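To start, the structure itself, in structure tokens.
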Amino acid sequence: MRHDDQDADGGHTSSRRAFIRTSSAGVTAAALAATGAAPTSPAAAPETAVTAARLAGRPVAVTPACDGHETPAAMEGPLFKPQSPERGDLITPAVSGVRLDLTGVVYDTACTPLPGALIEFWQCDQNGDYDMSGFSLRGHQYTNSRGAFRLRTIIPRDYWGRWGRRAPHIHTQVQAPRGPVLVTQLYFPDDTRAYGRDFAALNASDGILNRACTIALAGPTGGAYTGAFDFVIKTTVQ
Ligand code: FE
């Protein structure tokens, strides 16, 4: 198990992923260079409307409308491992924690759903540990004919790493066939309840966090949260 502050890099050579041919480290570096390598500033809080809807007992929009704006990139971190298993269900016998069922659609910048897009997810567990010896809480999948994906996982815990205390987040890479790789991280609303942690404080103190990448969360119902997040990605290398 390893946190982001430990130094080994999972390695970015990818024999499996002819699909992801572009070095994800390179993409991340380019993305950071484009932003002056500064931590992304928190944007408007998209979870506010969701939280208000939930508190008022109104249904939460499962799929927020695509506005054509590309999903913001974020650093990959050192703990990506290539050749993850193809699976949308990361709940293996060794995994415990607060359940999360995440669904969404991958769109292009014209808001057309993208079938066959590759999505890679990796995250830490309920203790804040990443599995570096195996592939627990790691997996990749392809969007279906409607551009949709479904991930069965847990809400990760915060941890102390190279960039200070990290708010709970899920790492992801998304790529249309033959397109560039979007590397980013997904976050949780301030009122998320898991592991006795103060998500509002954790989110507020995380210098990498981008609230534009906050999952729309409903629940918990029966101990499980339901989340929604749509990606908007470029489909051609520019
Ligand atoms: Fe991380």
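The values are calculated or read from the model by the stated rules, or taken from the named source; none is laboratory data. Source: prediction; values computed, not measured. Note that each Cβ is placed from the backbone with ideal geometry, even for glycine, and that neighbours are counted across all protein chains shown.
Scanning the range 163-187 for residues that are more than 17 Å from Gly104 (Cβ to Cβ), at pLDDT 95 or above, within 11 Å of the ligand (Cβ to nearest atom) and not in a strand (DSSP E or B) returns Ala167, Pro168.
Could you check how many residues of the range 146-162 are of a type outside the set (D, E, K, R) and assigned to a loop (DSSP other than H, G, I, E, B)?
Qualifying residue count for the region: 3.
Return yes when Cys111 is in contact with a strand residue (DSSP E or B) (Cβ under 9 Å, 6 or more places away or on another chain) and surrounded by fewer than 20 Cβ atoms within 10 Å (Cβ to Cβ) and no when it is not. For Cys111, the condition - in contact with a strand residue (DSSP E or B) (Cβ under 9 Å, 6 or more places away or on another chain) and surrounded by fewer than 20 Cβ atoms within 10 Å (Cβ to Cβ) - is met. Exactly one residue out of Thr221, Thr153 is hydroxyl-bearing (Ser, Thr, Tyr) and touching a strand residue (DSSP E or B) at 6+ places or on another chain (Cβ under 9 Å): that is Thr153. Residues in the range 102-132 that are touching a residue at least 40 places away in the same chain (Cβ under 8 Å) and hydroxyl-bearing (Ser, Thr, Tyr): Thr103, Tyr107, Thr109, Tyr130. Within the range 151-162, the set of residues being under 13 Å from the mean Cα position of the chain (by Cα), within 11 Å of the ligand (Cβ to nearest atom) and charged (D, E, K, R) is empty. Scanning the range 120-150 for residues that are closer than 30 Å to Gly196 by Cα and either modelled with pLDDT under 95 or more than 16 Å from the ligand (Cβ to nearest atom) (or both) yields Ser133, Gly134, His140, Phe149, Arg150.
Scanning the range 136-145 for residues that are surrounded by 17 or more Cβ atoms within 10 Å (Cβ to Cβ) and in a loop (DSSP other than H, G, I, E, B) gives Ser136, Leu137, Thr143.
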